[in-house]
Amino acid sequence: MAKTWTCGICGGTIIEGQRFTFIPGKGAVHFECLSEAVVETGSRDAVALLDANEVLLYAIVRLKEAARLASSEDTRKSIDEARVEVERLAGVLSKKLSEAMEG
């Protein structure tokens, strides 16, 4: 069963596999909702961080799918380790993005 979260911006449901991120103070948010909020700030730094974060979020979704496709445990483990590192980097950028949106 897929994990679900509630979007901290629109209140809608986020289903695992959709593009989303965690933003300090808001929790899980749809990428599309976050995009709209970033545009409203008018901050070029926030837009740049959002763009970079989008790449990482896409990579996370693709890595999860690749792990599901892997036939050996060794391959699955290697892909999962890469995904965890990308998730860590996405978290760093999400924190910076939150700061850029506030400032």
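The values are calculated or read from the model by the stated rules, or taken from the named source; none is laboratory data. Bear in mind that the values here come from a model prediction, so they are computed numbers and not experimental data. With ideal geometry, Cβ positions are generated from the backbone for all residues, glycine too; neighbour counts draw on all protein chains shown.
When I9 is tested against (1) under 15 Å from L93 (Cβ atoms); (2) touching a Leu at 6+ places or on another chain (Cβ under 9 Å), only condition (1) is not met. The residue that is farthest from G17 (Cα to Cα), counting only those in the stretch 53-101 that are of a type in the set (K, R) and surrounded by 14 or more Cβ atoms within 10 Å (Cβ to Cβ), is K96. For the stretch 36-52, a tally of residues being over 19 Å from F22 (Cα atoms) and either touching a helix residue (DSSP H, G or I) at 6+ places or on another chain (Cβ under 7 Å) or among the aromatic types (F, W, Y) (or both) returns 1. Cβ-Cβ contacts under 6 Å between residues 6 or more apart (or on different chains), taken from a first residue in the stretch 1-26 that is under 19 Å from A59 (Cβ atoms) to a second residue that is part of a strand (DSSP E or B) and of a type in the set (S, T, N, Q), are listed as I15/T4.
Rundown of residues vs (1) within 17 Å of the chain's Cα centre (by Cα); (2) at pLDDT below 95; (3) charged (D, E, K, R); (4) outside any helix (DSSP H, G or I), yes/no style:
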residue	(1), (2), (3), (4)
L49	yes, no, no, no
A52	yes, no, no, no
V61	yes, yes, no, no
A67	no, no, no, no
S78	no, no, no, no
E85	yes, no, yes, no
A90	yes, yes, no, no
S94	yes, yes, no, no
E99	yes, yes, yes, no
